[in-house]
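Take a look at the structure below.
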Amino acid sequence: MTKKDEGIAFNLISRQKLGGLGPDEKLKFILKEVKNGKILVLEQGLTPVEQANLIEHTMKEIEQDTFIGVEMEGYSEDRPTFLQKLFGLTNRPRLTLIGPANLLKMIKKDNDMIQTKIIPGSGAK
């Protein structure tokens with residue numbers, strides 16, 4: 001890699017991109033990108049079930065020398081309104097941030113901001 005190529009890649013993923021993928025395809029897409037050293041910002045976050053499935057798939061892919069796992073943080077679903085509860089409608093989770101565990105460290109999260117630290121030279125491709 002030349003000096004010009006160095007840096008950390010972010011992929012901002014639209015809800016349409018992930019919405020067009022099936023559940024398994026979505027997890028494979030995310031895991032492939034993260035294993036390639038990308039940090040993903042998902043416009044529409046992952047549900048708790050999707051997050052659990054991603055962690056489960058990640059655990060099967062861990063290789064001590066090349067891939068140690070994912071770091072993930074996001075905003076949970078907005079609280080449903082009375083009408084949404086009445087009609088059984090749920091909100092999708094808001095933004096989710098996912099990256100390689102050796103590259104991305106979560107510092108702080110509140111209702112309005114997720115603060116992260118990127119560790120340069122930690123294996124970004």
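No lab work stands behind these numbers, since they all come straight from the coordinates. Not measured: the values here are computed from a predicted model. Here Cβ is always computed from backbone atoms with ideal geometry, including for glycine, and neighbour counts include all displayed protein chains.
Can THR66 be described as surrounded by 12 or more Cβ atoms within 10 Å (Cβ to Cβ) and free of Cβ contacts under 8 Å to residues at least 60 places away in the same chain? When the stated conditions are applied, THR66 does not pass them.
I'd like the full set of residues that are over 25 Å from PRO120 (Cα atoms) and out of contact with any helix residue (DSSP H, G or I) (no Cβ under 7 Å at 6 or more places or on another chain), limited to segment 7-27. Explain how you work it out, then say what you get.
Going residue by residue through segment 7-27, those that are over 25 Å from PRO120 (Cα atoms) are 14-27.
The answer is SER14, ARG15, GLN16, LYS17, GLY19, GLY20, GLY22, PRO23, ASP24, GLU25.
Does LEU46 satisfy being closer than 21 Å to LYS105 by Cα and buried (at least 18 other Cβ atoms within 10 Å of the Cβ)? Yes: the conditions hold for LEU46.
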